[in-house]
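Right, one structure below, let's go through it.
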Amino acid sequence: MAASKSFSGLVFALIVFLSVSNSANAQLKVGFYSETCPEAEAVVKNVVDQTMAVAPSLAGPLLRMHFHDCFVRGCDASVLLNATNSQQVEKDAIPNLSLRGYQIIDRAKTALEKACPGIVSCSDIIALVARDVTFASKGPYWKVETGRRDGSVSIGSETFTNLVAPSANITTLITRFQAKGLDLKDLVVLSAAHTIGISHCSSFTNRLYNFTGKGLENDSDPTMDSEYVKTMKIKCSPTDQNTLVEMDPGSFKTFDTSYFSLVLKRRGLFESDAALLDNSVTKSYIELQAAGKGSNFFQDFGVSMVKMGRFGVLTGSNGEIRKVCSRVN
């Protein structure tokens, strides 16, 4: 009898947990602002289009901003908050120092506050901007679920335990993505966002010089194409912190499938790119895409972005709608 009661209690607890964890996602929906701010998506797209016309290089950082927001505390715009005390916030932590485009989010927020004050969250703006810069870069268009609310906490140290470093191996990649409810297909599909954007030499020079840490001559990452190593060494010296290089040489402003061919040729810029060849599932996806025989990558990317955008969201009465994205109300 006691065991039966105990089992019933566990079942009840599980049902409560599942209902709570699923309720947030249930409140996200396409067209959340259709009645309260019907022009919301058009306002954001207008800001993005104006930005891409003069600064297309911001597409990569603005797309990554959505990743960096969702992977720490969920998609709650915590990455946008400025420090108000001695505690370091997410945007000031080392993993986020390469993010750019905060002013574009602010510009979209200002326009939305003018059109419909207090209605559209900063976290939804990040999600919409990510979609619109991708589309503006000749990439896919997907329907963005909205209805997120903004968080009030941002802790810089949490970026180290949640974000994926460019030096991550396949085990770390799988662990970090699975923690966010993302599977192997999501991992390889979302990694292909590296098809647009640029990177500082400091993010990958460890692959070019002293890779083993033993101070050996010509000690580069053996998984990296030797000719590519030579090319990168011309661009980046061992101590170079500032030079920028294209992540997808030749088409870094265009969202396309060339990333897969580069990775297969061992010319992925980061260790995390090369690591995708160390798993049979992710490697197979890369091979099929590179051969033009895979599933519809653009469609896959949209599906995975929607899936990622559901992680840890605040909805309903949780969180707030910030008036200014860089600070809580």
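The values are calculated or read from the model by the stated rules, or taken from the named source; none is laboratory data. Worth saying up front: this structure is predicted, and the values here are computed from it rather than measured. Note: ideal-geometry Cβ built from the backbone for every residue, glycine included; neighbour counts use all protein chains shown. All accessible areas refer to the heavy atoms of the entire protein, side chains included, with ligands and DNA or RNA removed. Shrake-Rupley method; radii C 1.70, N 1.55, O 1.52, S 1.80 Å.
One table, with the values for the structure above:
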{"item": "Pair list, Cβ < 7 Å and 6+ apart or interchain, from the stretch 188-207 residues that are under 24 Å from N279 (Cα atoms) and among the charged types (D, E, K, R) to residues that are open to solvent by 10 Å² or more (accessible area, probe 1.4 Å) and part of a helix (DSSP H, G or I)", "result": "R207/E271"}
{"item": "Any hit, the stretch 83-91, residues being assigned to a loop (DSSP other than H, G, I, E, B), surrounded by fewer than 14 Cβ atoms within 10 Å (Cβ to Cβ) and touching a strand residue (DSSP E or B) at 6+ places or on another chain (Cβ under 8 Å)", "result": "yes"}
{"item": "Filtered residue count, the stretch 24-44, keeping only those that are under 19 Å from G302 (Cβ atoms), surrounded by fewer than 19 Cβ atoms within 10 Å (Cβ to Cβ) and not hydrophobic (A, V, I, L, M, F, W, C)", "result": "3"}
{"item": "Some residue of the stretch 106-120 being under 15 Å from the mean Cα position of the chain (by Cα) and crowded, with 24+ Cβ neighbours inside 10 Å", "result": "no"}
{"item": "Selection within the stretch 170-184 - without any contact (Cβ under 8 Å) to a residue 24 or more places away in the chain, within 23 Å of G197 (Cβ to Cβ) and in a loop (DSSP other than H, G, I, E, B)", "result": "none"}
{"item": "Residues within the stretch 61-88 that are β-branched (V, I, T) and closer than 20 Å to Q178 by Cβ, tallied", "result": "1"}
{"item": "Per-region count, the stretch 62-79, residues in a helix (DSSP H, G or I) and open to solvent by less than 10 Å² (accessible area, probe 1.4 Å)", "result": "8"}
{"item": "Of all residues in the stretch 121-169 being assigned to a helix (DSSP H, G or I), farther than 23 Å from D49 by Cβ and touching a residue at least 60 places away in the same chain (Cβ under 8 Å), the one that is least open to solvent (accessible area, probe 1.4 Å)", "result": "T159"}
{"item": "Lone qualifier among V245, V229 - being assigned to a helix (DSSP H, G or I), open to solvent by less than 70 Å² (accessible area, probe 1.4 Å) and not basic (K, R)", "result": "V229"}
